[in-house]
Amino acid sequence: MPMTDGLLCGWRIRSEIALPELLSWQGDDRPPDLTVCLGEVDEHLPGGREISPFIHIDTNGAGLLQVPMVGRFLVRPSGDITVAPHPEASETEIRLFLLGSVLGLVCHQRALLPLHASSVVIEGGAVAFCGHSGMGKSTLALRFARRGHAVVSDDVCVLDSGPPARVRPSFPRLKLWRDAIEDAALSSEGLERNRRGQEKYHFLEPEAGVRDPLPLRAIFLLRRPERGEAEGIERLSAPLDILAALEAETFRPQIGRALGTEKALFQARTLIANSVPVYQLRRPPDAPPERWLDAIAAIVRG
Amino acid sequence: MPLSTSSEVVRRHHPLEAAIGDTQVLLDVEQGLYFGLNAVASSIWQRLERPIRVDDLCRSLKADYAGDEARIQAEVLAFLAQLETQNLIDIRA
Amino acid sequence: MSGLALIASYPKSGNTWLRAFLASHLRGGQPIDLNGDLSRIKNLTGRSLQDKHAGLEHSDLTPDEVALLRPLTSRRIAQLQPGLYKTHDSNLVPLGAREPAIPADAIDRLVYIVRDPRDVAISMAHHFGWTPEDSVNQMADTTFRMGRSSTRLNMNVEQWVSSWSAHVESWLDAADLHLLPLRYEDLLADPLERFTELCRFLDLDDTRHAISRSLEASSFTALAAQEARTGFRERYPASTAPFFRKGGAGGWRGELPPGLAERVASAHNRVMARLAYR
């Protein structure tokens with residue numbers, strides 16, 4: 001069946017699986033950069049090395065992701081992706097991994113730095129929120145989205161090779177737990193579940209997608225205050241602190257190491273360290289996000 | 001190998017390097033470690049690209065940085081010892 | 001040390017007290033900060049640790065997938081970040097998995113703390129904000145899991161805890177394990193002796209002087225006073241009581257209704273007899 005190609009991080013993607021998260025491709029008539037086909041995928045990747053329990057990489061740089069109840073994803077460096085879904089997997093579940101782990105793999109294959117971050121547009125640039133699961137990345141992005149800011153990325157925030165430091169927008173979808181949705185006075189009714197039976201949902205801001213790369217304006221590292229530290233926002237100044245933080249916030253760094261892209265990742269991180277302010281935002285993760293929105297926006301405005 | 005002014009020193013790996021502000025940052029990919037060098041340390045590091053005797057190194061530094069010879073030597077030796085602990089240089093007799 | 005050195009227990013059995021002691025002991029007996037220093041003995045089931053080593057987010061997995069993944073991740077942590085950890089995992093194979101979450105080959109040594117289940121029942125009720133009856137039911141449930149995210153993210157990943165009896169026996173009867181069993185009541189009754197045994201087992205400083213100092217720093221009154229001042233992060237949000245509440249042995253006699261105490265005794269009678277809980 002004919003389906004329009006989608007736009008993902010600047011790439012033209014043609015997929016046999018519908019990807020309603022993505023904006024449609026409106027660029028030139030180049031052949032697709034990425035193709036997604038349904039097909040058989042062997043559970044063994046010949047010559048593959050285990051990078052993490054569910055991910056193998058072979059010597060040509062192809063990656064195999066296997067999630068027990070979702071399926072297998074073979075990701076070739078050419079951009080050809082084959083998906084063998086588990087019979088019981090829902091389309092949302094397949095897309096969750098295709099637009100998450102698989103997207104991360106594609107970035108590493110192309111030597112681009114993927115940050116584990118949610119990002120939104122503030123003052124014409126992308127502002128990224130990084131932090132462990134549960135620190136409130138998506139929740140902050142949601143609150144900005146409700147104030148009219150476009151969502152640039154959710155889990156995987158892809159940096160262009162630069163310079164300057166720019167973000168390739170992924171799609172305006174946020175993964176949110178029911179509490180976070182309700183705290184924002186929204187309802188989870190009608191939203192797709194992240195996984196079957198889970199109270200985590202996919203929240204789409206359909207009119208709020210971004211097409212073109214955006215300058216990266218700032219990075220906020222979401223942290224819990226330790227040992228009587230005060231809540232607040234503080235800019236990191238020591239270069240090694242910044243690099244260590246950016247390394248810690250890299251999405252699936254093991255894959256980059258396995259593919260030998262350290263040099264490109266190092267250059268991307270030093271570009272950020274030299275040109276983009278990196279802040280620590282210390283607050284208890286369950287603290288109401290409202291009070292931080294103005295402070296963040298004010299800092300970005302400068 | 002004990003370090004002295006007659007030792008010859010040279011970089012061991014070729015770490016990735018970049019300047020961030022005033023700091024020269026090295027990433028030793030093999031060890032997965034970052035190092036930050038200030039201006040003086042960085043000018044020593046630049047001189048270690050090819051094997052060099054420690055006393056030659058000190059002389060060349062003295063030409064660039066006005067300073068007491070004994071002090072320069074002491075600081076160079078201390079810095080080289082640090083680099084060796086971090087597996088960044090080889091010391092030859 | 002190669003592999004995981006574990007402080008394992010059913011919940012509310014004294015694990016945090018041991019961690020507090022060890023946190024102080026590893027710093028030469030200095031007073032500890034509950035919200036900072038306890039992390040020296042990391043929680044093995046902490047979400048960010050598990051996410052990091054699994055190379056994906058557990059919040060994107062179903063409980064069955066987590067059960068399949070955990071043993072693989074445990075082996076990676078044992079290899080890449082060995083050391084001292086706490087856990088409430090049982091040594092049982094969770095429903096849908098093929099091996100326990102922490103397979104024996106990932107374990108270097110394991111301290112198992114066990115506490116009178118009637119005291120556990122009281123402590124669990126206070127901790128989770130349950131009625132004592134809820135606690136007693138939960139402790140008999142062989143499919144009891146913790147770390148499940150319901151409407152918000154849980155900061156731990158799923159752990160297969162099972163019933164109190166099954167938990168205790170799964171560890172105490174594990175073959176091929178370098179194991180030190182410790183009764184909570186014995187730790188209270190003779191701390192110096194028992195903590196010396198603990199330190200020896202973990203290859204830590206086992207001199208009397210050092211141990212007394214660390215015991216002092218992690219004493220129940222010191223911890224409870226600090227919680228009152230600073231709050232304590234590991235407190236369960238629905239909790240109705242401070243985390244460091246009483247810390248004694250035999251408190252159930254005044255607090256657990258006799259009918260419930262009877263139910264615990266009959267549900268767990270074999271394992272209780274084995275541990276001399278009368």
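Throughout, read-outs are computed from the coordinates displayed, never taken from laboratory work. Treat the numbers as computed from the prediction; the structure is a model and nothing was measured. Every residue, glycine among them, receives a Cβ derived from its backbone with ideal geometry; neighbour counts consider all protein chains shown.
What's the long-distance tail for segment A:25-111, i.e. % of Cα pairs beyond 23 Å? Before the final figure, lay out each step's value.
Values: 729 of 3741 pairs.
The answer is 19 percent, as a whole percent.
Grab the DSSP H runs of chain A that are 4 residues or longer, score each as -39,500 (n - 2.57), total them, divide by all residues and round the 222 nm result to the nearest 500 deg cm²/dmol.
Working: 8 runs with 73 residues, N = 302.
Computed ellipticity for chain A at 222 nm equals -7000 deg cm²/dmol.
What percent antiparallel are the DSSP beta bridges of the protein assembly as shown, to the nearest 5?
65
Jot down the radius of gyration and Dmax of segment C:1-158, Cα atoms only, both in angstrom.
Cα only, segment C:1-158: 15.8, 45 Å (Rg, Dmax).
Given bins 10 angstrom wide, list per bin the percent of all Cα-Cα distances in segment A:68-120, short to long.
That works out to 23, 48, 27, 2, in percent per bin.
Pull out a ≥ b ≥ c, the square roots of the eigenvalues of the alpha-carbon gyration tensor of segment A:102-246, then state rounded if a/c is under 1.5, prolate if not and a/b is larger than b/c, and oblate in the remaining case. All intermediate terms of the calculation are to be shown ahead of the outcome.
Numbers: a/c = 1.62, a/b = 1.20, b/c = 1.35.
Taking the square roots of the gyration eigenvalues as a ≥ b ≥ c, segment A:102-246 is oblate.
Assuming a ≥ b ≥ c are the square roots of the Cα gyration tensor eigenvalues, decide whether chain A counts as rounded (a/c under 1.5), prolate (otherwise, with a/b larger than b/c) or oblate.
prolate
Treat each spin label as a single point 7 Å out from the Cα along the C-beta direction, and report the B:Arg59 to C:Glu216 distance in nm.
Taking the simple label geometry, B:Arg59 and C:Glu216 are separated by 6.1 nm.
So what's the angle, to the nearest 10 degrees on a 0 to 90 scale, between helix A:137-146 and the longest Cα principal axis of chain A?
Here the helix axis deviates by roughly 80 degrees.
With only alpha-carbon pairs counted, each pair once and no self-pairs, how large is the Kirkwood hydrodynamic radius of segment C:138-230 in angstroms? Don't skip to the answer; put the middle values down first.
Values: mean 1/r = 0.0608 Å⁻¹.
With all distinct Cα pairs of segment C:138-230 included, I get 16.4 Å.
Figure the gain on full extension for C:Ala174 and C:Gln30 (residue separation times 0.36 nm, minus the Cα-Cα span) and round it to one decimal in nm.
Values: separation 144, 0.36 × 144 = 51.84 nm, distance 3.50 nm.
Using 0.36 nm per residue and subtracting the Cα-Cα distance, I get 48.3 nm.
Report the antiparallel proportion of the DSSP beta bridges in segment A:1-91 as a percent, rounded to a multiple of 5.
On the way: 21 of 28 bridges.
Approximately 75 percent, going by the DSSP bridge assignments.
Sum up the charges of everything whose Cβ sits under 13 Å from the Cβ of C:Ser90, counting Lys and Arg as +1 and Asp and Glu as -1, but leave C:Ser90 out. Intermediate values should be presented prior to the final figure.
On the way: positive: C:Arg70, C:Arg145; negative: C:Asp89, C:Glu99, C:Asp141, C:Glu158, C:Glu169, C:Asp173.
It works out to a net charge of -4.
First check a/c for chain C, with a ≥ b ≥ c the square roots of the eigenvalues of its C-alpha gyration tensor; if it is under 1.5, answer rounded, and if not, answer prolate when a/b is larger than b/c or oblate otherwise. Could the numbers behind the result be given before it?
Numbers: a/c = 1.31, a/b = 1.05, b/c = 1.25.
Since a/c stays below 1.5, the shape of chain C is classed as rounded.
Just checking the output field for C:47-59: average partner chain Cβ neighbours within 10 Å of each residue's Cβ?
5
Given only helices, namely DSSP H runs of n ≥ 4 each adding -39500 (n - 2.57), what is the per-residue ellipticity at 222 nm of chain C, to the nearest 500 deg cm²/dmol?
Values: 13 runs with 125 residues, N = 278.
That comes out to -13000 deg cm²/dmol.
Which residue fluctuates the most in chain A, going by a Gaussian network model with Cα springs under 10 Å, if the choices are A:Phe251, A:Phe144, A:Phe266?
Comparing A:Phe251, A:Phe144, A:Phe266 in a Gaussian network model of chain A, the most mobile one is A:Phe266.
Report, in degrees rounded to the nearest 10, the 0 to 90 angle that the Cα long axis of helix A:290-301 makes with the longest principal axis of chain A.
Around 90 degrees separate the two axes.
What do the square roots of 5 times the Cα gyration tensor eigenvalues come to for the protein assembly as shown, in whole Å, largest first, as semi-axes of the equivalent ellipsoid? Could the numbers behind the result be given before it?
Numbers: eigenvalues 382, 268, 118 Å².
In descending order, the three semi-axes are 44, 37, 24 Å.
Rounded to the nearest 0.05, what FRET efficiency do A:Ala295 and A:Ala248 give with R0 = 35 Å and r taken as the Cβ-Cβ distance? Could you check?
Efficiency, from the Cβ-Cβ distance: 0.90.
Once the Cα atoms of segment C:58-138 are picked out, what are the Rg and Dmax in Å?
Rg and Dmax of segment C:58-138, Cα atoms, are 15.5, 42 Å.
What number in nm² do you get for segment B:10-87 if you take the convex hull of its Cα atoms and divide its surface by four?
Across all orientations, segment B:10-87 yields a mean hull projection of 5.0 nm².
Along the charge dipole of chain A, pointing to its positive end and built from +1/-1 on Cβ of Lys, Arg, Asp and Glu, which listed residue (A:Ser24, A:Ser170, A:Thr261) has its Cα farthest out?
A:Thr261
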